[in-house]
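Each remark here refers to the structure printed beneath this line.
The values are calculated or read from the model by the stated rules, or taken from the named source; none is laboratory data. The shown structure was predicted, so the numbers you read here are calculated from the model rather than taken from an experiment. Cβ sites come from the backbone with ideal geometry, for glycine too, and all protein chains shown count toward neighbours. To get the accessible areas, we keep the full protein, side chains included, count just its heavy atoms, and leave off ligands, DNA and RNA. Shrake-Rupley method; radii C 1.70, N 1.55, O 1.52, S 1.80 Å.
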Amino acid sequence: MSTIAALNREGAPLPLDQKLVDGLRAALRGPLLLGGDAGYEEARSVWNAMIDRRPALVARCLGTADVVAGVRFARESGIALSIKGGGHNISGLAVAEGGLMLDLSLMRGVWVDPRSRLARAQGGCLLGDVDRETQLHGLAAVLGFVSATGVAGLTLGGGFGYVSRRFGWTSDNVRSMDVVAADGRLVHASEEENPDLFWGLRGGGGNFGVLTGVEYVLHPVGPEIYGGAVAWRADDAPGVLAMFREAAAEAPPELTLVAAMRFAPPAPWLDKDVHGKPIVMLLACHIGDVAKAEKQLAPIKAFGKPVGDILQRRPYVTQQSLLDATQPRGRRYYWKSEYLPGIEGEMLAKVTEHAARITSPHSAVIVFQLGGAVGSRPNDHSAVGNRDAAAVLNVTAAWERKEEDPTHVEWARSTWRDMRRFSTGGTYVNFLTEEETGERVAAAYGKNLARLAEIKARWDPTNLFRTNKNVVPAAR
Ligand SMILES: Cc1cc2nc3c(=O)[nH]c(=O)nc-3n(C[C@H](O)[C@H](O)[C@H](O)COP(=O)(O)OP(=O)(O)OC[C@H]3O[C@@H](n4cnc5c(N)ncnc54)[C@H](O)[C@@H]3O)c2cc1C
């Protein structure tokens, strides 16, 4: 009898009977792909080209029933299981070598109820899918900075973006979730139903089940806001970053600022003679009164001699995709990240120093402002850790050629080693790289780790869902 080579959850060989696989195929409405099938290579690939894993089976789910069939198959066969939402995780957590990948990327429906200010999104939606539909009504969910990111991974890990200082984490703005649990049951989780599961799902990563749908609380935002970016030559960094520091300290919750240092890409909004040269950039998004925002941000536009300025009145959806071109799918990426207790002068001076050593034209050092509503709820509100963070430092190496891996990875690592002294000690689960497990995962979940382990023991005692920043079930 023919078998298909797979790996079990411990990574040991698991030859799968062809009949068993045929049974899964028959149970699915979407296609089941194996190596060599049309679409397999595309389905197994993710945003980060450093990730090159080959699942034995890819189930391209078309609905919740497909997800249920997939989870049951994984549970009964013992095959390693992974879930692909937007495929944007830096660690490539969507892909388990030799496993069954439940690929939700065809499940991208969004339904908006403007009267109750709620949106329901399927588990394979990208951020842009949700913004596009909610902005028709002048409403927005709290989402992240790059529109091709998956809503499921972002929300399960906490999620922050341009409007988090006003409304909190993405997961603070979730009304309910539909989840296929480890026992194959479809479960609804909210404050009223399965509240322990709901608590863990909001920040605890993909540890508890497959998210097939999420209900977001929406807020009036835009459709016109005041936002964009201004850039200067890197020589101007001390003055620009001092301005960033002061502006961030005074910013109302409606305003979010981001500072980035990198080489100028050949973007039309940047002066031609600066392309390929080091620059410092401030991104801003103000979702309050547009006229007031224009006045408030005028000093940024007036500062020194900008080499590019697209800070202006604009549709919120264009703000939400402003950074997309800087993060194309298929480059090689390696990140290091820390939460910061404040935006300090000495820390910013070090950012400038390490940016001057950048080894690739696509790499950057970025400081995202947090604070405001990000820290306004109690620490045990949900599994989201590190609510006290005032900012996130992200050292993002990006390049194209495999043979250059060691150079760019080392730049990111050495920068991070030096910058760690400015950290709160906490880090963001959604920014952890492949090798960051154990202590780094504990640093991401913070004080909430013990409760997460208890919930894991209740909802996934055999650790079926382990292709994530894994929480080991508590001993009972
Ligand atoms: C360019 C870029 C920009 C980013 N910007 C931000 C940002 O602004 N704010 C922010 O908070 N984060 C940001 N992130 C981090 C992002 O939130 C994480 O990478 C997140 O894991 C991506 O989710 P995904 O669905 O695209 O990932 P995937 O790689 O598909 O999955 C990531 C993890 O989530 C699990 N998962 C995915 N879908 C499901 C599902 N339906 N049910 C259960 N588990 C699932 C997977 O099993 C895996 O463990 C960014 C990442 C990138 C690459």
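Listing for the model above:
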read-out: Built amide H within the under 5 Å cut-off of L340, gap 5+; value: A390, A391, V392, L393, T424
read-out: Value at 222 nm in deg cm²/dmol, rounded to 500, when DSSP H runs of n ≥ 4 in the chain each add -39,500 (n - 2.57); value: -7500 deg cm²/dmol
read-out: Share of carbon and sulfur in the accessible heavy-atom surface of segment 110-206 [1.4 Å probe, %]; value: 47
read-out: Set of lysines near K292 by C-alpha distance (under 29 Å), chain-local residues within fewer than 8 positions excluded; value: K301, K305
read-out: Segments 454-462, 167-175 sorted - mean Cβ within 10 Å per residue, highest first; value: 167-175, 454-462
read-out: Full-stretch length increase - R476, D113 - with 0.36 nm per residue and alpha-carbon distance subtracted; value: 126.4 nm
read-out: Charge dipole (debye, nearest 20) of the chain; +1 at Cβ of Lys and Arg, -1 at Cβ of Asp and Glu; value: 60
read-out: Solvent exposure of the chain as accessible area per residue, Å², 1.4 Å probe; value: 39
read-out: D324/K301 FRET efficiency (R0 25 Å; Cβ-Cβ; nearest 0.05); value: 0.60
read-out: Peptides ranked, highest mean first, by Cβ atoms within 10 Å: ranges 196-203, 441-448, 410-417; value: 196-203, 441-448, 410-417
read-out: Added length on full extension, which subtracts the Cα-Cα distance from 0.36 nm per residue, R25 to E41; value: 3.9 nm
read-out: Segment 285-377: trypsin sites (Lys or Arg not before Pro) falling in loop per DSSP and having at most 11 other Cβ within 10 Å; value: R357
read-out: FRET efficiency, A450 to R185 (Cβ-Cβ, R0 25 Å, nearest 0.05); value: 0.45
read-out: Cα-projected label distance for D196 with H137, points at 7 Å along beta-carbon direction, nm; value: 3.4
read-out: On Cα atoms only, tilt of 449-459 relative to the major axis of the chain in degrees; value: 30
read-out: Of all DSSP beta bridges in the chain, antiparallel share, percent nearest 5; value: 90
